[in-house]
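> Sharing a structure here in structure tokens format.
The values are calculated or read from the model by the stated rules, or taken from the named source; none is laboratory data. Quick caveat, the model's predicted, so the values are computed rather than measured. A quick note on method: Cβ atoms are made from the backbone with ideal geometry, for glycine too, and the neighbour counts reach across all protein chains shown.
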Amino acid sequence: MLKVRVIPCLDVKDGRVVKGINFIDLRDAGDPVEQAAAYDAAGADELMFLDITASHEGRGAILDVIARTAEVCFMPVGVGGGVRSAEDARKLLRAGADKVSINTAAVENPDVLTACADAFGSQCVVAAVDAKARADGSGWNIWTYGGRRDTGIDAVNYAALAVAKGAGEILLTSMDRDGARTGYDIGLLRAITGAVGVPVIASGGAGSTADLIAGVRDGHADAVLAASIFHFGEISVGEAKAAMSAAGIPMRLG
Amino acid sequence: MSSVVLIDYGSGNLPSAAKALAVAAGDPARVIVSDDPAVVARADRIVLPGVGAFAACMGALRERDGLVEAMNEAVRSRGAPFLGICVGMQLLATRGLEFAVTQGLDWIGGEVRLLTPSDDSFKIPHMGWNALSGSAHPLLAGLPDQPHMYFTHSYAFYPEDPSTVVASTDHGGTFAAVVARSNVAGVQFHPEKSQANGLKLLTNFLEWKP
């Protein structure tokens, strides 16, 4: 039976971790590779790097991070942030990434997803969906440019389009919950998981193991992504997986 | 000391496979990354990686002059141990039915078809960690019972001869996770992404004496 994945996310800026984990035994708390190795040892099922480098000049740093991570972590590694084209994706995959998450570029031109899927296969193409509830409560809109621009596009419609265009997975982030640590937006998750046949990663809002459990049990997520609960060291990846398993969710343990 | 040739035909998982093989071999110098038919023809062992579509991968192999012939020479005539990974495993089939019918290497008879789970709660692609159930085989030696491996695929290899399926996995129906016949083997999952279990399987392959 396929297991639910726990995916720690590391925000990387100019090759350094911005929002990382506070493991006291790390020599360099800002080194993404050392943190990736710590998560690997802790039993993470997959890793996600989010490159929040603002400048074009700094983009090369993430390639070095990916390449060095692939030297020591033999687990699936995804990377997102600033991916505009199939050529950007190719560089990341050749550096050692297994998946490339595409956000703004795919919303503006969904054919980017098709170009990547044709070249590298749908299994490595993740459509990142940043969604925020509409004021009238009628649903959710897609926001781009790191959550700064409301596109007016309906999130459920976009997710279905992204899959039709070649995305093999959806990374679904609730902009309302991101950083709030009040739990995933279960209504949003259910709307998207009910609309697409590919795996959906829940993101944005996890503050406890109960939130991770709810994301899977109530939101029907196939994987749960979290940053801050692991970052602050309150819960280890192993503890999270054990709690999810105890709640009856199929997990890879040990 | 024997070496292993990792065939470089543009597959996306080549760098990860090379690094994992170097760790499994305990010596990076034992891993030769090449698409040179002369190198492949005299290889001690061969690993064929692969991600993406069946037809694209088979096309990339065939467009390298003499490469498929060199693989046949090493693996079929000389008996060099062979491991295909993911689409590299699927290419062992007689044919693939992804998009169009494409002829494979036909080293193990059978077809590559879309996974068709029993109900739509099973997502496609089959993506993530899943357990193997299988019989004893040198490639699985020393692994835990029902080991977890990392899968990411929508198509699977359905061999004609069930005895070539060494281990299977369930995703709303079973499919071949490990196939083997004499010196030819293939794995649907990604050992280079399966942490300790995957590295152990690669070490087993490097020590395999079929």
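> Can you tell me which residue within the range A:133-149, out of those that are of a type in the set (D, E, K, R) and under 19 Å from A:Ile102 (Cβ atoms), is surrounded by the fewest Cβ atoms within 10 Å (Cβ to Cβ)? Steps first, answer last, please.
Narrowing the range A:133-149 to residues of a type in the set (D, E, K, R): A:134, A:136, A:148-149.
Retained after the next criterion (residues that are under 19 Å from A:Ile102 (Cβ atoms)): A:148-149.
On the way: A:Arg148: 9, A:Arg149: 13.
Here the residue is A:Arg148.
> Looking at the range A:154-166, which of its residues are outside any helix (DSSP H, G or I) and over 18 Å from the mean Cα position of the chain (by Cα)?
Going through the range A:154-166, the residues outside any helix (DSSP H, G or I) turn out to be A:154, A:165-166.
Scanning the range A:154-166 gives A:Asp154, A:Lys165.
> Identify the single condition in (1) of a type outside the set (Asp, Glu); (2) outside any loop (DSSP other than H, G, I, E, B); (3) within 13 Å of chain B (Cβ to nearest Cβ); (4) under 25 Å from A:Asp111 (Cα atoms) that A:Thr151 does not satisfy, given that it satisfies every other one.
Every listed condition holds for A:Thr151 apart from (3).
> Hey, another quick one. Return the only residue of B:Ser133, B:Ser77 being surrounded by fewer than 17 Cβ atoms within 10 Å (Cβ to Cβ) and within 14 Å of chain A (Cβ to nearest Cβ).
When all the criteria are applied, what remains is B:Ser133.
> For the range A:38-59, what are the residues that are farther than 15 Å from A:Val6 by Cα and in contact with a helix residue (DSSP H, G or I) (Cβ under 9 Å, 6 or more places away or on another chain)?
Here is the first cut: in the range A:38-59, the residues farther than 15 Å from A:Val6 by Cα are A:50-59.
Once the filter is applied, which keeps residues that are farther than 15 Å from A:Val6 by Cα and in contact with a helix residue (DSSP H, G or I) (Cβ under 9 Å, 6 or more places away or on another chain), the range A:38-59 yields A:Asp51, A:Thr53, A:Arg59.
> Would you mind telling me which numbered condition in (1) closer than 24 Å to B:Gly128 by Cβ; (2) modelled with pLDDT of 95 or more; (3) within 18 Å of the chain's Cα centre (by Cα) A:Val107 fails?
(1)
> Of the residues in the range B:117-128, how many are without any contact (Cβ under 8 Å) to a residue 40 or more places away in the chain and buried (at least 19 other Cβ atoms within 10 Å of the Cβ)? Full working, then the answer.
First, pick out the residues of the range B:117-128 that are without any contact (Cβ under 8 Å) to a residue 40 or more places away in the chain: B:120, B:123-125, B:127-128.
Still in the running and buried (at least 19 other Cβ atoms within 10 Å of the Cβ): B:123-125, B:127-128.
Selection size over the range B:117-128: 5.
> Select from the range A:163-187 the residues that are of a type in the set (Gly, Ala, Ser) and within 14 Å of another protein chain (Cβ to nearest Cβ) and list them in ascending order. So that I can check it myself, show each step before the final result.
Of the range A:163-187, the ones of a type in the set (Gly, Ala, Ser) are A:164, A:166-168, A:174, A:179-180, A:183, A:187.
Of everything in the range A:163-187, those that are of a type in the set (Gly, Ala, Ser) and within 14 Å of another protein chain (Cβ to nearest Cβ) turn out to be A:Ala164, A:Gly166, A:Ala167, A:Gly168.
> So, of the residues in the range B:181-203 that are among the hydrophobic types (A, V, I, L, M, F, W, C) and crowded, with 24+ Cβ neighbours inside 10 Å, which turns out to be nearest to the other protein chains (Cβ to nearest Cβ)?
Just the residues of the range B:181-203 that are among the hydrophobic types (A, V, I, L, M, F, W, C), to begin with: B:184-185, B:187, B:189, B:196, B:199, B:201-202.
After this cut, where a residue has to be crowded, with 24+ Cβ neighbours inside 10 Å as well, the list is B:185, B:187, B:189, B:201-202.
Working: B:Ala185: 19, B:Val187: 14, B:Phe189: 11, B:Leu201: 11, B:Leu202: 9 Å.
So the residue we want is B:Leu202.
> Further, regarding this structure: So which residues in the range B:16-40 are over 12 Å from B:Val4 (Cα atoms), assigned to a helix (DSSP H, G or I) and away from chain A (no Cβ under 11 Å)?
B:Pro37, B:Ala38
> Quick one: which of B:Phe151, B:Phe157 is surrounded by 15 or more Cβ atoms within 10 Å (Cβ to Cβ), touching a residue at least 60 places away in the same chain (Cβ under 8 Å), outside any loop (DSSP other than H, G, I, E, B) and of a type in the set (Phe, Trp, Tyr)? Step through it out loud before you land on a result.
Values: B:Phe151 fails: touching a residue at least 60 places away in the same chain (Cβ under 8 Å).
Just one listed residue meets the conditions, B:Phe157.
> Does the range A:53-77 hold any residues that are over 17 Å from the mean Cα position of the chain (by Cα), within 10 Å of chain B (Cβ to nearest Cβ) and not β-branched (Val, Ile, Thr), and which are they?
A:Ala67, A:Ala70, A:Glu71, A:Cys73, A:Phe74
> Okay, moving on. Give the residues of the range B:1-11 that are surrounded by fewer than 23 Cβ atoms within 10 Å (Cβ to Cβ) and either part of a helix (DSSP H, G or I) or out of contact with any strand residue (DSSP E or B) (no Cβ under 7 Å at 6 or more places or on another chain) (or both), sorted by residue number.
B:Met1, B:Tyr9, B:Gly10 - these are the residues of the range B:1-11 that are surrounded by fewer than 23 Cβ atoms within 10 Å (Cβ to Cβ) and either part of a helix (DSSP H, G or I) or out of contact with any strand residue (DSSP E or B) (no Cβ under 7 Å at 6 or more places or on another chain) (or both).
> Let me ask you something else. Quick one: count up the residues across the range B:164-174 that are in a strand (DSSP E or B) and within 12 Å of chain A (Cβ to nearest Cβ).
Residues of the range B:164-174 that are in a strand (DSSP E or B), as a first pass: B:165-170, B:174.
After this cut, where a residue has to be within 12 Å of chain A (Cβ to nearest Cβ) as well, the list is B:169-170, B:174.
Final tally of qualifying residues: 3.
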